[in-house]
Every structure is written in C-alpha cells, then in structure tokens.
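This report concerns only the one structure given below.
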Amino acid sequence: MAPSCLAPAAQAFDAIAADFDSRFTAWRSVEAQRRAIRADLLETYPPGSRLIEIGGGTGEDASWLARQGRDVLMTDSSPAMVAAASAKGVRAKVAAAEQFRELAKELSEELKFDGAYSVFAGLNCVTDLTSFAEDIARLLRCGAPLQLVMFGICCPGEILVETLRGRPQNAFRRSRRGDVPALLGGREFTVRYHRRRDLERMLAPWFELKSRRGVGIFVPPSAAEPWISRHPRLLGALESLDRLAARPLAALGDHILYRFERTRS
Ligand SMILES: C[S@@+](CC[C@H](N)C(=O)[O-])C[C@H]1O[C@@H](n2cnc3c(N)ncnc32)[C@H](O)[C@@H]1O
C-alpha cells in the first residue's frame, strides 16, 4: 500500500517499526506491564485457542502466544509492523480496525475464532469503534472473550513524572475529551482516551463488559523511562503492588485491560 493511502497513525507506526523493539519493547516498565497482560491472556485463552490480534505491532505477543500453543492471526494497520511480525514467523495481515469488514468477508469460510485481543492501546488510535465491534463480532463465536488493553484516563504515575519533568501540558492530557494530537516518528496523528462507558456503548450489543483490571498502577508509564529501567529492584516491588491493586484500583492504571464477552446478538 502506498504510504500516502495510509491513515496518519499507520504512517507514524510505519516510520518507527524498524526501531520499535529496541526502543519500546526492551524497556523494563513495558516488560513488567506486558507480563501482567500475558498472564491474563494465558488464563483467558486455553491451549489450542484460535485467536485474532488487533494492532499487534511487531508480533511480540503473537509469537509468544504461538509458543504457548495458541493459534494467532495478527493484524495491524501498519504494513511495516506487519512485515516485522512476519519476519518473526507470525501469521500477520495488514488490516485497520476500521476496515475489519473486508477481513470478516475474507475469513468467512474459516472456523470462528475463540477470542480476540489488542495490547497497548492500538485501538486508542481509533475514534469510533462502532463498526469495528460489529465486524470483529462476526469473526468470533458466542461467548468468546475480547480483551482490550487501552490507555487509562487517570494515570497518577504519568501526572507525577510529567509534572516533575516540567511538562504540565502532558500531565493531564488523558483527561481531555475528543481527539488528542500525538506525535511519533515525526508524524502527527490523534489518540482518543476512551472512557469505560463510551467503550461499553460503542461495543454494544455485540459485546458485554465482564471485568477490568489496571495495568501499570504502581509500575510507571513509559514517561518514566529510561530512569526506571535502571532501578530493577524498585520496579520489582512496584510490580508486586500492581498485582494486589489490579482490580480495586483498576481505574488508575497506565493501561486498563477490559474483558468483554461476545453476546448472542
Ligand atoms: C503502541 S503499538 C502496540 C503494538 C503491540 N500491540 C505491542 O504491544 O507491542 C500500537 C499498534 O497499533 C497499531 N494501530 C494503530 N492504529 C490502528 C488501527 N486503526 N487499526 C489497527 N492497528 C492500529 C499500530 O500500527 C501499532 O502497531
């Protein structure tokens, strides 16, 4: 696909795909948050599950889940991300969440999937998830879990770090409604900090919210990097606190893992 035909977020992630793993995946705060998410994915999807991933990036989770005996089809709107995932042996397709109708048609002959997931806020790049909900629902069997890891909207760790760094404009950006400008790889795009109620409304009637847990409540957000990666013992202690706080303090996570379930609609 010609770069100019891509949505702004896909262009931004295309621009950083080659450096993505060394720049973000290696950070210890990201590793700690990913560990919590993976534990949840493993618990939710038993071995042999057929899964579809949305916004899978360089395929880190898809290849890890495949090694744990899950069968994953990864999707992403950035062709360069999909190329990086394919190079790791992941079955991956270029598909923007807003254009899942075409994918649903393409896969209509296949067995329905046992679940779907999206890790680290790819769906925060989508303003309106209504059509995505209907399209992904067609690919999932009734009762299938849909696990979405989205940005939290009140992250005390980020407020603290950004205030200490003298960047007050970033400290409260998540409380803004509407599309919020973002910059990555020198490209501008927008991010939407979806509220829980808005997610429930956009995903109904295809999905029902069953639970949510905070990820990165005490473990700080990436704004604390690279500092926090140099303090692994502190990070280990914060990770233990996160496990205790995941349910009661879910709303304060850097990310929130929402567990929806496919309804009979
Ligand atoms: C922060 S990265 C996370 C990547 C991966 N899930 C991970 O945990 O490393 C967000 C991903 O969402 C993808 N993305 C952005 N907008 C998207 C859209 N509309 N549809 C599908 N994927 C999208 C980006 O290309 C990027 O790979």
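I'm checking my understanding of the structure. Among residues of the stretch 251-264 that are farther than 20 Å from A223 by Cβ and outside any strand (DSSP E or B), which one is most open to solvent (accessible area, probe 1.4 Å)? Going through the qualifying residues, I end up with R264.
In the condition set (1) within 24 Å of F20 (Cβ to Cβ); (2) part of a helix (DSSP H, G or I), T127 is compliant with all but (2).
Test of understanding: among R167, R173, which residue is open to solvent by 50 Å² or more (accessible area, probe 1.4 Å), touching a strand residue (DSSP E or B) at 6+ places or on another chain (Cβ under 7 Å) and either more than 14 Å from the ligand (Cβ to nearest atom) or closer than 24 Å to Q33 by Cβ (or both)?
Answer to the selection: R173.
Restricting attention to the stretch 208-217, the residues that are in contact with a helix residue (DSSP H, G or I) (Cβ under 7 Å, 6 or more places away or on another chain) and surrounded by fewer than 23 Cβ atoms within 10 Å (Cβ to Cβ) total 2. If you check A144 against the conditions, is it touching a residue at least 60 places away in the same chain (Cβ under 8 Å), over 19 Å from A251 (Cβ atoms) and in contact with a Lys or Arg (Cβ under 6 Å, 6 or more places away or on another chain)? So A144 passes the test. Could you grab the pairs with beta carbons closer than 6 Å, sequence gap of 6+ or different chains, first residue in the stretch 1-25 and of a type in the set (D, E, K, R), second one at pLDDT 95 or above and near the ligand (Cβ under 7 Å from one of its atoms)? That search, which allows pairs on different chains as well, returns D14/S78; D21/T58.
Residues in the stretch 135-187 that are assigned to a strand (DSSP E or B) and under 24 Å from T44 (Cβ atoms): L140, P145, L146, Q147, L148, V149, M150, F151. Would a scan of the stretch 49-61 turn up a residue that is over 22 Å from P79 (Cα atoms), open to solvent by 30 Å² or more (accessible area, probe 1.4 Å) and at pLDDT 95 or above? Yes - at least one qualifying residue is present in the stretch 49-61.
Specify the residue that is surrounded by the fewest Cβ atoms within 10 Å (Cβ to Cβ); the eligible residues are those in the stretch 188-207 that are in a strand (DSSP E or B) and of a type outside the set (K, R). Write out each step before concluding.
Quick first cut of the stretch 188-207, residues in a strand (DSSP E or B) only: 188-192, 207.
Those still in the list that are of a type outside the set (K, R) too: 188-191, 207.
On the way: E188: 12, F189: 18, T190: 15, V191: 20, F207: 26.
Out of the qualifying residues, it is E188.
Name every residue in the stretch 23-62 that is out of contact with any helix residue (DSSP H, G or I) (no Cβ under 6 Å at 6 or more places or on another chain), closer than 23 Å to S222 by Cα and of a type in the set (G, A, S), in order of residue number. Correct list: A26, A36, A39, A62.
Filtering the stretch 85-116 to residues that are touching a Phe, Trp or Tyr at 6+ places or on another chain (Cβ under 8 Å), at pLDDT 95 or above and either open to solvent by 30 Å² or more (accessible area, probe 1.4 Å) or under 9 Å from G55 (Cα atoms) (or both) leaves A97, D114.
The values are calculated or read from the model by the stated rules, or taken from the named source; none is laboratory data. The structure displayed is predicted, hence computed values, not measured ones. Glycine gets a Cβ as well: all are built from the backbone with ideal geometry, and neighbour counts include every protein chain shown. Each accessible area value is taken on the protein alone, full model and side chains, heavy atoms only, with ligands, DNA and RNA left out. Shrake-Rupley method; radii C 1.70, N 1.55, O 1.52, S 1.80 Å.
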